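Every number here is computed from the coordinates shown, using simple stated rules; none is lab data. Note that this is a predicted model, so its numbers are computed, not measured. Note that each Cβ is placed from the backbone with ideal geometry, even for glycine, and that neighbours are counted across all protein chains shown.
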Amino acid sequence: LARLRDRLARSGSPLGTRLLAVLSRDHLAEDDWDELEETLLLADVGAGPSGELIDALRTRVRVEGLKDPAQVKTLLRAQLLELVDPTLDRSLHVAPTVAADGTRTPAVLLVVGVNGTGKTTTIGKLTRLLVAEGRSVVLGAADTFRAAAADQLETWGSRVGVPTVRSEREGADPASVAFEAVRTGKQADVDVVVVDTAGRLQNKAGLMDELGKITRVIGKEAPLSEVLLVLDATTGQNGLNQARVFGEVAGVTGIVLTKLDGTAKGGIVVAVQRELGVPVKLVGLGEGPDDLAPFDPEAFVDGLLQ
Ligand code: GDP
């Protein structure tokens, strides 16, 4: 795969151009099919799904006697879309729960992922969206490992008038900050509490303990509505390893794929959805405050084929 990447980088041709070049041949020979499969691998679709897709496509092309490359492309698009699964529920659960006596409990969103993937930025953008929808929000800076992380979160929050619960002490217990944030949110009767966490993968047992404790402690105050795993699309198949670890540790309910504005095609969507059995719900498309969007399977597949 490294060799293929090199080749692609040298040729400077984007994936879609490559796909089109293969598909525009009059007749697809063995080598062309291999090239199609390579192209999917390069887009990080993953070896298993790429192989299965090409096999299924070849069979249909043979059985239906398709000759026209445009028809093959249409089929390829349909099969990619099926892989991404447009039927999954990708909505974010951000509504507070209301008890029979009318008491409201905020929806709690826990945001997890390796440091640098874009957790804090994503929370900032998401908070803006929630506020724009008229929801009240409290943020919790449970990434107590770096003071700068809490500052960054607070900056995003204050821009849209949302308070941040944090500890002034670096290395404070993340679970107690998370607990405090949820309690503050309940007292203030807000709709949503969003909790940022640290993601140091170097120590898996430590991470597991930390996230386990955070979820337990939050659970005492309010049900967890979402555990969002943030993955950086530019790390390719690495994201899959991260998904495995966090899936084990945190009971992930949705994925946010960031940095799709770069060269990454994000075919990793297919692999992580399979791995975790949960949908990609949001995508990050830049560093700016408005660069967050719901994941749109159709647009995504068109992007892959462009
Ligand atoms: P955290 O450590 O997981 O909280 O990551 P940060 O939110 O601090 O983000 C790490 C870096 O990635 C920052 O420079 C962000 O501006 C950048 N970043 C986050 N999301 C995106 C995105 O969707 N696109 C791009 N291009 N950069 C992003």
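The table below lists the values:
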item	result
11 Å reach of a label modelled at His93, 7 Å along Cα-to-Cβ, counting backbone N of the range 272-298	none
Mean-position separation - Cα centroids, the range 201-247 and the range 32-95, in angstrom	30 Å
4 °C / 1.567 mPa s Stokes-Einstein diffusion coefficient of the range 104-184, Kirkwood radius on C-alpha pairs, µm²/s	101 µm²/s
Longest DSSP-loop-exposure-free segment, trypsin sites (Lys or Arg not before Pro), the chain, at most 15 other Cβ within 10 Å	201-306
Mean Cα-pair separation over length for the chain, i.e. relative contact order, pairs under 8 Å, 6 or more apart, %	21 percent
Value of Rg to Rh for the range 36-182 (Rh from inverse mean 1/r over Cα pairs, i.e. Kirkwood)	1.19
FRET efficiency for Gln187 and Asp290, using Cβ-Cβ distance with R0 set to 30 Å, rounded to 0.05	0.45
Cα centre as origin, Lys/Arg/Asp/Glu Cβ charges: the range 17-94 dipole, Debye	340 debye
Difference of contour (0.36 nm per residue) and Cα-Cα distance, Asp85 to Ala56	8.8 nm
FRET E, pair Glu64, Leu20, Förster distance 25 Å, beta-carbon r, rounded to 0.05	0.75
Average Cα contact separation per residue, the range 50-208, under 8 Å, 6 or more apart, as relative contact order %	27 percent
Sequence-separation-based contact order of the range 27-90, relative, with Cα cut under 8 Å and 6+ spacing, percent	26 percent
Gyration tensor over alpha-carbon atoms, the chain, equivalent ellipsoid semi-axes in Å	41, 19, 16
Whether the range 185-254 is rounded, prolate or oblate, judged on the alpha carbon gyration tensor where a/c under 1.5 counts as rounded	prolate
Contour minus Cα-Cα distance for Arg274 and Thr74 (0.36 nm per residue)	69.7 nm
Stokes-Einstein D for the range 142-213, Kirkwood Rh over Cα pairs, 4 °C, 1.567 mPa s (µm²/s)	101 µm²/s
Folded to 0 to 90 degrees: helix 47-63 orientation relative to the chain principal axis, Cα	40 degrees
Global size of the range 163-306 as Cα Rg and Dmax, reported in angstrom	16.4, 49
Charged-residue dipole, Cβ positions (Lys, Arg, Asp, Glu), the chain about Cα centre, Debye nearest 20	360 debye
